[in-house]
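**Student:** Pasting a structure below so you can have a look.
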Amino acid sequence: MDLTELENIVTKEAADRKPCEIRCCIAAGCLSANSNDVLSTLRTAVEDSGMADRVNVVGVGCMRLCSQGPLVGVDIDGPLYCRVTTDNASSIVATLNGGQGEAETFEREDPFFAKQTSLILKNCGCIDPERIESYIATGGYRALHQALFELAPSDVIETVTRSGLRGRGGAGYPTGVKWATVAKNSGERRFVVCNADEGDPGAFMNRSVLESDPHRVLEGMAIAGFAIGANQGYIYVRGEYTLAIERLNKAIKQAGRMGLLGTGVFSSPFDFRIDVRIGAGAFVCGEETALMASIMGQRGTPTPRPPYPAEHGLWGMPTLLNNVETFANVPDIIRNGAEWFAEIGTPQSTGTKVFCLTGNVVHNGLVEVPLGTPLRTIVEEIGGGVPNGGQIKAVQTGGPSGGCIPQEHLDSPVDYESLGKIGSIMGSGGMIVMDDQTDMVDVARYFMEFCMDESCGKCIPCRAGTVQMKQLLSRIVDGSANRADLERLEKLCDMVSRTSLCGLGQTAPNPTVSTLRYFRDEYESRLIDSTTAKANSNGATCQ
Ligand SMILES: Cc1cc2nc3c(=O)[nH]c(=O)nc-3n(C[C@H](O)[C@H](O)[C@H](O)COP(=O)(O)O)c2cc1C
Ligand code: SF4
Ligand code: FES
């Protein structure tokens, strides 16, 4: 493969394009609502209507409004139909001949779409994730070619550093600094690992990207491999993500056949192979040392850091480990330049972030916005607020390691620093909206129970502490705890976060600490020796 052949694919795709394209979402959310049958119905209807020469029906990835699927769009800017069924799908085809569409429509001008900025998700819902040509037609694999033939590895690292990109897996560590560290550490081999474990409850950002635009991630990984001097990459995906795994494997094969992965990428001296490794759905395996142990066939439990993977990773070799979305940003940064990327977002938190907006909110689905966007814009304007005019009580960000942000902080910008100041974290992008009926102590208990179940048991503070904290929270919820129990809970939160071995235990108390910070009255009023008003079991205070 060379640049001319790449261009030939782009030209052929453009020439083959029919005047009208009907796009049907075949990502996991819509598939679970039978979008495969809708796709077949649409294809049959186009054949039967005699419009097959001018209308193409294509299966595409996630169109973001997952709660209203199956979604079907006519062209990029035509009507967008939601909750399409096999009964009303053919009416969509009939509209092309002046007929009446029977399926519900969703305005593309709605703030849900209009207020988003698409970098990571720009191909999602537009291209066919199962055809590499579809990705190449959008300019895909051009950045890899540019890196290999126009830049030195150190230039690639320098560009990523200047872009200000920070890791999207949770902690926001500067990506360029990580790449430079791996590149300077010596070892017989180096490895690239993509973390697609995505274990946070309610989060499916990474899954959607892998199902909808897998080549973007492969291209980002190959560029990283070139930059740090690695010839082997692994994508660690949780086993539940069967469709993502299937599409990734297909994408890897297609790229290999075209000479875009494997031996002599673009006929250059650079070899880069990618293999998929499947996890068994343990949350702790998203932690980098546990993940690497799992890839090496060992039990997936964390080990102390240092040494960090950059120095002593897979099989003791320098290893670069980044999140799916981190790699997905790389091709555009190389193509458009570091300055282009750095201008999006805030000076400290550049670029966009994909969030998974769920909970008591009108529009559940994927949202991509520049970092620094106020939380209110995301949940009220894009998300449409609480259904039926209800009030937002809090927004949970960062999953089990994050916190609950009360409604008085809705105007806070969503970036790494600002979220930290108000007691939460960005995490990998889970965002759960809670209405005024939500019992915040029960929310804290839910997340603690999750951490307790997912604790690997290797260290005592987390293994025993999460059980005790969960028991104390349960007693507060059912009204059988006293003030001494609450004090014990607070001491345990502090002790477990300071003494646990890995991030799971260190951050397990966060949802409890943040709800204590902002909703302390909900705890206090339920204590049996409470001096304040007592609460009923729903958490609503009785006067
Ligand atoms: C318990 C636990 C679970 C984690 N799960 C994930 C995950 O699912 N995906 C992810 O990218 N990072 C996860 N992380 C963070 C990773 O350890 C690592 O920091 C991250 O993948 C680095 O990539 P980045 O620099 O691109 O953010 C988790 C950390 C902990 C402590
Ligand atoms: S903090 Fe929890 S999950 Fe992490 S090593 Fe200790 S027991 Fe395992
Ligand atoms: S899965 Fe179809 S819109 Fe998200």
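**Student:** Roll a 1.4 Å probe over the protein chains and send me the accessible area per residue for region 404-464 in Å².
**Tutor:** Per-residue value: 38 Å².
**Student:** Expressed as a whole percentage, what fraction of the accessible surface of region 286-329 belongs to carbon and sulfur atoms when a 1.4 Å probe is rolled over the protein heavy atoms?
**Tutor:** Result for region 286-329: 51 percent of the exposed heavy-atom area is carbon or sulfur.
**Student:** Separate question: Got the relative contact order for region 189-283 handy, in percent, Cα pairs under 8 Å and 6 or more residues apart?
**Tutor:** Value for region 189-283: 36 percent.
**Student:** Right, another one. Compute the length gained on full extension between Ser49 and Lys184: take 0.36 nm times their separation in residues and subtract their Cα-Cα distance, giving the result in nm to one decimal.
**Tutor:** Separation in residues times 0.36 nm, less the Cα-Cα distance, equals 42.4 nm.
**Student:** Additional query: What relative contact order, as a whole-number percentage, does the chain give when Cα pairs under 8 Å and 6 or more residues apart are counted?
**Tutor:** Rounded, it is 13 percent for the chain.
**Student:** Mind checking the per residue accessible area of region 71-222 for me, 1.4 Å probe, whole number of Å²?
**Tutor:** The answer is 36 Å² per residue.
**Student:** Between Ala484 and Thr4, how high is the FRET efficiency from 1/(1 + (r/R0)^6) when r is the Cβ-Cβ distance and R₀ = 56 Å? Nearest 0.05.
**Tutor:** So the FRET efficiency works out to roughly 0.15.
**Student:** Over what distance in Å are the Cα centres of region 364-409 and region 179-195 separated?
**Tutor:** When both Cα centres are located, 37 Å separates them.
**Student:** Here's another thing I want to ask about it. Between exposed GluC sites (Glu not before Pro) in the chain, where DSSP calls loop and at most 11 other Cβ atoms lie within 10 Å, what's the longest gap?
**Tutor:** By the stated rule (loop sites, at most 11 other Cβ atoms within 10 Å), 189-543.
**Student:** Hey, another quick one. Quick one: if you take sqrt(5λ) for each eigenvalue of the C-alpha gyration tensor of the chain, what semi-axes come out, biggest first, whole angstrom?
**Tutor:** 40, 32, 19
**Student:** Round to a whole angstrom and tell me the spacing of the C-alpha centers of region 55-104 and region 279-298.
**Tutor:** One Cα centre to the other: 40 Å.
**Student:** Under 5 Å between amide hydrogens, which residues at least 5 positions from Asn323 or on another chain qualify, with H placed 1.01 Å from N in the peptide plane?
**Tutor:** Arg168, Gly169, Asn195
**Student:** Which lysines, on any chain, are close to Lys122 with Cα under 29 Å apart, when same-chain ones fewer than 8 places away are left out?
**Tutor:** Of all the lysines, those that pass the test against Lys122 - Cα under 29 Å, at least 8 places apart if same chain - are Lys12, Lys18, Lys178, Lys250, Lys253, Lys353.
**Student:** Next question. How big is D, in µm² s⁻¹, for region 1-92 by Stokes-Einstein at 10 °C and 1.306 mPa s if Rh is the Kirkwood radius over C-alpha pairs?
**Tutor:** Reported coefficient: 114 µm²/s.
**Student:** How far is the Cα center of region 148-167 from the Cα center of region 459-480, in Å?
**Tutor:** After rounding, the separation between the Cα centres reads 46 Å.
**Student:** Pop out the ³J(HN,Hα) list for region 100-109 in order, Karplus 6.51 cos²θ - 1.76 cosθ + 1.60 with θ = phi - 60°, rounded to Hz; leave Gly and Pro as x.
**Tutor:** 9, x, 9, 7, 5, 10, 10, 5, 5, 7
**Student:** Rounded to the nearest whole Å², what accessible area per residue is found for region 231-362 with the 1.4 Å probe?
**Tutor:** Solvent-accessible surface per residue comes out at 38 Å².
**Student:** Based solely on its DSSP helices, what 222 nm [θ] is calculated for the chain when runs of n ≥ 4 H residues each add -39,500 (n - 2.57) and the sum is averaged over all residues, nearest 500 deg cm²/dmol?
**Tutor:** -12000 deg cm²/dmol
**Student:** First compute the accessible area of region 383-422 with a 1.4 Å probe, then give the percent of it belonging to carbon and sulfur atoms.
**Tutor:** 46 percent
**Student:** Using the Cα centre as the reference, give the magnitude of the dipole from point charges on the C-beta atoms of the chain (Lys, Arg: +1; Asp, Glu: -1; all else neutral), rounded to the nearest 20 debye.
**Tutor:** Approximately 1460 debye in magnitude.
**Student:** OK, next. Taking R0 as 41 Å, what's the FRET efficiency between Glu107 and Ile460 from their Cβ-Cβ distance, rounded to 0.05?
**Tutor:** According to the calculation, E is roughly 0.15.
**Student:** How much length, in nm to one decimal, is gained on full extension between Asp411 and Lys18, taken as 0.36 nm per residue of separation minus their Cα-Cα distance?
**Tutor:** 137.0 nm
**Student:** Right, something else. Roughly how many nanometres apart are two label points built 7 Å out from the Cα toward the Cβ at Arg83 and Arg335?
**Tutor:** For the pair Arg83/Arg335, the computed spacing is 3.7 nm.
**Student:** In whole percent, and with a 1.4 Å probe on the protein chains, what portion of the accessible area of region 187-272 is carbon and sulfur?
**Tutor:** 47 percent
The values are calculated or read from the model by the stated rules, or taken from the named source; none is laboratory data. What you see is a predicted model; the values in this text were computed from it and never measured. Here Cβ is always computed from backbone atoms with ideal geometry, including for glycine, and neighbour counts include all displayed protein chains. When the accessible area is computed, the model is the full protein with side chains, heavy atoms only, and any ligands, DNA or RNA have been set aside. Shrake-Rupley method; radii C 1.70, N 1.55, O 1.52, S 1.80 Å.
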